[in-house]
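The values are calculated or read from the model by the stated rules, or taken from the named source; none is laboratory data. Please read these numbers as outputs of a predicted model, since none were measured by experiment. Glycine also receives a Cβ, built like all others from the backbone with ideal geometry; neighbour counts cover every protein chain displayed.
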Amino acid sequence: MKAKQVKVILTAKETGERFSEKEPVSFSSDLAPSDTHIQLDPERKYQELLGFGGAFTEAAAHSLSLISPEKREEIIRRYFDPIEGLGYRLGRTHINSCDFSLGNYTYVEDGDTSLGSFSIEREKKLVIPLIQEAMDAAGEELSIVASPWSPPSWMKTNGEMNNGGKLLSEYESVWADYYSKYIEAMEKEGIRIWGITIQNEPEAKQVWDSCLYSGAEERDFIKNHLGPSLVKNGHDDVKVIIWDHNRDVIYERAHAVLSDPEAAKYVWGTGLHWYVSEEFENLSKVHHAFPDKHLIFTEGCMEGGVQVGSWDTGERYGRNIIGDLNNYLEAWIDWNLVLNEEGGPNHVGNYCDAPVIVDTGKDKVHYNSSYYYIGHFSKYIKPGARRIWSDVSNTTIIATAFENMDGEIVVVAMNGNDHDEEISLSCGHGSFTTTLPLHSITTFMIS
């Protein structure tokens, strides 16, 4: 083993350590493995990582508009700066309104099938300036995924944006062209749309902005309308992402769309959320069935309002990121970047938590455990890294391992137990032993 020392970065519940650099550990050729042993094989490589990010919602942008410019700049820097921040390179935003908007809205006048009235003027007030500031902090273009929560009410069977309903067949072509109008409007603001999803949570009839699609309906909309429209309008380079919903039935939806070659030719990959289940193995099932397609996490958050100080929040993030990465996930996008002290604003009261909470009355910023847990991956596993084979001898801890493009190996290990855990790690002909504190996450950097 060439590496003499390993850099150790720790975040732990009980000690107050956050991204704390510890004493390096050294490899040895004659150590006996611990009961909990991590083994690596850098020669066995898997998917390439695109990166991490969060969602630019109207709620996030509104919350940031209500605090001091200094605090706003700090938050954006601590997310997107490649050195000081989490190194985010991805983002998600909404086409038309979502529940984390200040109200329902669209970009066209009612009944305008020509889309001549199309305008994203509303986004220029809050969302677009935030994306532009994030790009400035990142020092480069971000890969933005845009998702619709609902078509305009007049295009739907229930005549409203909320409470589900379906896209009326006579408006399928108009709605398909709507995506291109949005892509072009955002490009005029200096924001390139990297990818689009067909529909946020197409199997969920929500009291907020929602629209239902069966697998066959999503397949046929892509095949007959959206795919051809994107090609016609010169946007066939935009990544088309299906599903954008939970892991539990991700394989069933992927199979419904991707088993049709005429639909699949337009599709880049499958998006997923973490609600309902942690059946990470379903991602591998999709990957093995459709190995030329990609997997991207498009949304996850803690439901039920603000949970400042909760450690379970961070551990849910860590557990889900590791589980998904170990099953061929290539990109991971959190939900709202920032929310206010209530867990909103949300126009139907569907309050949630976020890694960063701002108290808009007191101009205070809270960085939750989730912020640090995400950072243990995003700060150190760089875009372009390849996952390498790793194995943990038991279920006491969980871990994942990647090799950065410069050859550095990054291992992220999480101890969610109520006690410290001694582990050993071997790579090549060397091993080291160390202790993971209770309720902690550790990043090891082997160069």
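What are the residue pairs meeting all of these: first residue in the stretch 346-368, first residue over 17 Å from ASP334 (Cα atoms), second residue basic (Lys, Arg) and assigned to a loop (DSSP other than H, G, I, E, B), Cβ atoms under 8 Å, and 6 or more apart or on different chains?
Every condition considered, no pair remains.
Run down ILE128, ILE120 and say which single residue is surrounded by 20 or more Cβ atoms within 10 Å (Cβ to Cβ), closer than 21 Å to LEU142 by Cα, in the same structural domain as ARG78 (by TED's automatic domain parsing) and at pLDDT 95 or above.
From the options ILE128, ILE120, the qualifying one is ILE128.
Yes or no, residue by residue, for (1) within 18 Å of the chain's Cα centre (by Cα); (2) surrounded by 17 or more Cβ atoms within 10 Å (Cβ to Cβ); (3) more than 16 Å from TYR182 (Cβ to Cβ); (4) outside the structural domain of GLN206 (by TED's automatic domain parsing):
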residue: ASP110; (1), (2), (3), (4): no, no, yes, no
residue: GLU133; (1), (2), (3), (4): no, yes, yes, no
residue: VAL145; (1), (2), (3), (4): yes, yes, no, no
residue: PRO148; (1), (2), (3), (4): yes, yes, no, no
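Here are SER369, SER284: which of them is among the polar types (S, T, N, Q), surrounded by fewer than 21 Cβ atoms within 10 Å (Cβ to Cβ) and within 19 Å of the chain's Cα centre (by Cα)?
Of SER369, SER284, the one residue that is among the polar types (S, T, N, Q), surrounded by fewer than 21 Cβ atoms within 10 Å (Cβ to Cβ) and within 19 Å of the chain's Cα centre (by Cα) is SER284.
If GLU74 satisfies all but one of (1) within 30 Å of ASP324 (Cβ to Cβ); (2) assigned by TED's automatic domain parsing to the domain that holds CYS352; (3) touching a strand residue (DSSP E or B) at 6+ places or on another chain (Cβ under 8 Å); (4) buried (at least 18 other Cβ atoms within 10 Å of the Cβ), what's the number of the condition it fails?
(4)
From the residues in the stretch 399-438 that are part of a loop (DSSP other than H, G, I, E, B) and within 23 Å of the chain's Cα centre (by Cα), which one is surrounded by the fewest Cβ atoms within 10 Å (Cβ to Cβ)?
For the stretch 399-438, the residue satisfying everything is MET405.
Being part of a loop (DSSP other than H, G, I, E, B) and either in contact with a Gly (Cβ under 6 Å, 6 or more places away or on another chain) or buried (at least 19 other Cβ atoms within 10 Å of the Cβ) (or both) is the filter here, so list the residues in the stretch 331-359 that pass it.
LEU337, GLY343, GLY344, PRO345, ASN346, HIS347, TYR351, ASP353, ALA354, PRO355, listed by residue number.
What helices (runs of 4 or more DSSP H), lying completely within the stretch 184-284, carry at least 1 residues that are at pLDDT 95 or above and outside the structural domain of TRP335 (by TED's automatic domain parsing)?
none
Is at least one residue of the stretch 154-166 of a type outside the set (Val, Ile, Thr) and part of a helix (DSSP H, G or I)?
Yes, there is a match, as at least one residue in the stretch 154-166 is of a type outside the set (Val, Ile, Thr) and part of a helix (DSSP H, G or I).
Taking the condition out of contact with any Ser or Thr (no Cβ under 8 Å at 6 or more places or on another chain) and either surrounded by fewer than 23 Cβ atoms within 10 Å (Cβ to Cβ) or not aromatic (Phe, Trp, Tyr) (or both), does GLU315 pass?
no
Looking at the structure I just gave you, is ASP324 acidic (Asp, Glu), buried (at least 23 other Cβ atoms within 10 Å of the Cβ) and either in the same structural domain as ALA146 (by TED's automatic domain parsing) or free of Cβ contacts under 8 Å to residues at least 12 places away in the same chain (or both)?
yes
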